[in-house]
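Rule-based calculations on the coordinates, nothing more; no lab input. Predicted, not measured: the structure shown is a model, and the values here were computed from it.
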Amino acid sequence: MFANARDGQPWTEQDLADLKQSIEEGQTIAATAAFLSREGTVGDIVKTAEAHGWHFAELKRGQEGGGCADRPP
């Protein structure tokens, strides 16, 4: 992982709008981090999203059990 221009910078209203839109479109965390130029602070992206009540689909799937248990018999 490498640092980007926005890593560690305060979140602007536009950053938050872009984050929300990325989540609503089903983008991955990695794709969202690249889009927001915050690839070096992925954890901050997830924490910021969760603080606003937004959740990445890939994390929701993991919380729902995932794996073999969800496969039909």
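Karplus-derived 3J(HN,Hα) values for the range 31-37, using 6.51 cos²θ - 1.76 cosθ + 1.60 with θ = phi - 60°, are 5, 5, 4, 5, 4, 7, 6 Hz; glycine and proline are entered as x.
Stretching the chain fully between E58 and L16 yields a gain of 13.2 nm (0.36 nm per residue, less the alpha carbon separation).
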